[in-house]
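Here the structure is laid out as structure tokens; the discussion comes afterwards.
All of the numbers you see were taken from the coordinates with simple rules; none came from a lab. If you're wondering where the values come from, they're calculated on a predicted model, not measured in any experiment. Positions of Cβ are backbone-derived with ideal geometry, glycine not excepted, and every protein chain shown enters the neighbour counts.
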Amino acid sequence: MSFFKKLKEKISKQKDSVTAKFKEGLEKTRSSFTESLNELVSRYRKVDEEFFEELEEILITADVGVQTVMDLIDELKMEVKRRNIQEPKEVRAAISEKLVEIYQGEDGAPTDLNIEDGRLNIVLFVGVNGVGKTTTIGKLAHRLKEEGKSVLLAAGDTFRAGAIEQLEVWGDRVGVDVIKQSAGSDPAAVVYDAIQAARSRKVDVLLCDTAGRLQNKMNLMKELEKVKRVIEREIPGAPHEVLLVLDATTGQNAMSQARQFSEATNVTGIALTKLDGTAKGGIVLAIRNELNIPVKLVGLGEKMDDLEKFDAEKYVYGLFADLVDEA
């Protein structure tokens, strides 16, 4: 059975609103990527060096990342040889298989959030201003509440004008309290207060916002380290997640941010926003392959419930939905 048929069978068994969201959210990437791929396949009679060179360009345009593309092309060449693939259209299924493999990785890094029952779970959010950090926190608070968990928010971004108020708006919207101090306060002190409040209220999950200024990277990273020290001192083993929020529409700039933040703090996962607003959805693979950080959450729309847990097979379905549905 072909990969697309297997994927179709699997997806049809779990046909749900999330699968539909991945399909809809990746529409821009899919139309750009699969159109280029289909056009390439229709122009070639055989799989040769020129075919791979053009395929390389298509993948780079989708922001899969140069290093990832090189690795992928090398593996595809070996696969084509091993399977004795002659027809260019057969390469499409091989590409989709390799994409799932790349994302799942050799280390099998989990894509589930590290949130356990019976403890105070602390999730620290980091990332530059303007990537959708506060919105992601609000949407995750909503998601966790829907799952029956009690949630508290810490307004640790005390520097950006309006950041505290923006978090409060989300708190009101989803029915979650926000622990805050006045603008310009010490972020570590805000997070300390939030931990004490979460303990006394026996809260399941504390979501902590942080400042996102990169103009003075040294100061920002020192602030983050101080916040982390306070969390570690109060709750040994915490933070249980450090989620880096990245804007998918910024492509390779998101890669650069991921590198900088992962050097300064132990990033455990990525929350990728605005995936529905870009044709460069290949950035998911570049982050996973080149930085070895799993994407754990993806924003697939603007509604409150459009933040989804990342799923490699649903992601590949979103990229190749037309071909899978035809299989």
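A compact table of results
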quantity	calculated
Three principal axis lengths of segment 121-314 [C-alpha, angstrom, descending]	44, 38, 32
Share, in percent, of DSSP beta bridges within the chain that are antiparallel, nearest 5	10
Unsatisfied cross-links (Cα-Cα over 27 Å) in the set K202/K309; K98/K145; K226/K274; K8/K98	K98/K145; K226/K274
Part-to-part distance (alpha-carbon centres) for segment 19-45 and segment 149-223, which is given in Å	40
D (Stokes-Einstein, µm²/s), Kirkwood Cα radius, segment 12-54, 1.002 mPa s at 20 °C	172
Semi-axes of the equivalent ellipsoid for the chain, Cα gyration tensor, largest first, Å	40, 20, 16
Length released on extending from D322 to R259, taking residue separation times 0.36 nm less the Cα-Cα span	19.3 nm
Segment 126-206 - Rg and Dmax from Cα coordinates, angstrom	12.0, 34
For N121, residues with placed amide H under 5 Å, excluding near neighbours	V205, L206
Label-to-label distance, nm, for residues given as A20 and N219 (7 Å Cα→Cβ offset)	4.9
Per-residue HN-Hα couplings for segment 152-161 [Karplus 6.51, -1.76, 1.60; θ = phi - 60°; Hz; x = Gly/Pro]	9, 10, 10, 7, x, 8, 9, 9, 6, 4
Residue among Q166, Q252, Q104 with the largest mean-square fluctuation in a Gaussian network model of the chain, springs linking Cα atoms under 10 Å	Q166
Cα-only radius of gyration and Dmax that characterise segment 209-327, units Å	16.1, 55
